[in-house]
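The values are calculated or read from the model by the stated rules, or taken from the named source; none is laboratory data. On a predicted model such as this, the values are computed, not experimentally measured, just so you know. No Cβ is skipped: glycine too gets one built from the backbone with ideal geometry, and neighbour counts run over all protein chains shown. Remember, those area values only see protein heavy atoms, side chains included, never the ligands or the DNA or RNA. Shrake-Rupley method; radii C 1.70, N 1.55, O 1.52, S 1.80 Å.
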Amino acid sequence: MILYASPLACSGAAQMILLELGLPHDVEFVDIYVQPHVVIDDKGLFVGVNPKNSVPALRLDSGELLTEIGVILQYIADLQPNSRLLPKTGSLARYRVMEWLSYVGSDVHKTIGSLFHPHMPEAAKEIHRQNLNRRLTYIEQRLADQPYLTGETFTVADAYLFVMIGWEPYFKFDLTPYPNLTKFHERVALRSSYMRVRQIIAPVLEHVKLPVFPRVEPR
Ligand SMILES: N[C@@H](CCC(=O)N[C@@H](CS)C(=O)NCC(=O)O)C(=O)O
């Protein structure tokens, strides 16, 4: 398996889950901070690998390419069905994780993404900030009496949310208004899979020129 990933991008969640499960894989890093996006190692155009031109993309051993983070996370976790990272297919618990994957993907990830668009007018960003605030407040309440999104157990959905609210070491949301989310972030950051991801991306970060983003403070 080859994971096409980019440092600090949502693909970090897929990288974490591969490491959590100890699954053999290669990572090809893509510079999504240049146009057109290129695969760093061979300088090939990434659109030639994934016509959607976004990470993550997973090259399966069969040669097929799988895309979409919410699906890739489930595919990887299903390779080890007895892991606790994803409940079994068909169970309500599985649908709960899928429910969170969908929420983090469509309501959190894509709202955060808009805030960093360099040409988006400030008035539009303000609407996105309000939406983000509403969604993070909902998550904050859910984390009030449980350590992870679906309860006591860390799942693939937690990995996705963690990467979305972290964006370390480059920039960080102000999580001060969200103490439960802050604790969630600190908890997941201690996982060895995340520490390993940071080690792996450190040399890659030297090869990419990250854009300058303003600090975002959800209110
Ligand atoms: N629909 C895709 C979106 C993934 C996505 O937004 N990836 C971002 C990085 S977090 C990306 O590759 N951005 C570069 C681009 O779209 O040009 C998914 O859910 O996997």
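Loop exposure criterion: GluC sites (Glu not before Pro), DSSP state outside H, G, I, E and B, at most 12 other Cβ atoms within 10 Å. Applied to the chain, the longest stretch between such sites is 65-151. Computed with every protein chain present, the accessible area of M98 is close to 70 Å² [probe 1.4 Å].
Go ahead and estimate [θ] at 222 nm for the chain from helices alone: -39,500 (n - 2.57) per DSSP H run with n ≥ 4, summed, over the residue count, rounded to 500.
For the chain, the value works out to -13500 deg cm²/dmol.
Between the range 119-145 and the range 17-78, the alpha-carbon centres lie 28 Å apart. Positive-end ranking of W100, A5, L85 along the dipole of the chain, with charges on Cβ about the Cα centre, is headed by W100.
In this simple spin-label model, placing a label point 7 Å from the Cα along the Cα-to-Cβ direction at both L45 and L210 gives a separation of 2.8 nm. Evaluate the chain: find the radius of gyration of its Cα atoms, find its Kirkwood radius, and give the ratio Rg to Rh. Rounded to two decimals, Rg over Rh is 0.95. The residues of the range 45-166 have, on average, 49 Å² of accessible surface per residue, using a 1.4 Å probe with all protein chains present. For A57, the amide hydrogen comes within under 5 Å of the amide hydrogens of Y4, counting only partners 5 or more places away or on other chains and with H modelled in the peptide plane.
To put it simply, the accessible area of the range 92-191 at a 1.4 Å probe is 55 percent carbon and sulfur. Measuring how big the range 92-191 is from its alpha-carbon positions, Rg and Dmax come out at 13.6, 42 Å.
Taking 0.36 nm per residue of separation and subtracting the current Cα-Cα distance, fully stretching the chain between T176 and L23 would add 51.5 nm. Charges were assigned to the Cβ only: +1 to each Lys and Arg, -1 to each Asp and Glu. The resulting dipole of the range 92-191 about its Cα centre is roughly 140 debye. Taking the simple approach of a point 7 Å from Cα along Cα-to-Cβ for both R84 and E99, what is their distance in nm? Placing both labels 7 Å beyond Cα along the Cβ direction yields 2.1 nm.
Testing the spin-label approximation: label points 7 Å from Cα along Cα→Cβ at D145 and K183. State their distance in nm. That separation, rounded to one decimal, is 1.3 nm.
Geometric descriptor of the range 1-93, per residue, is 104 Å³ (volume of the convex hull of the Cα atoms).
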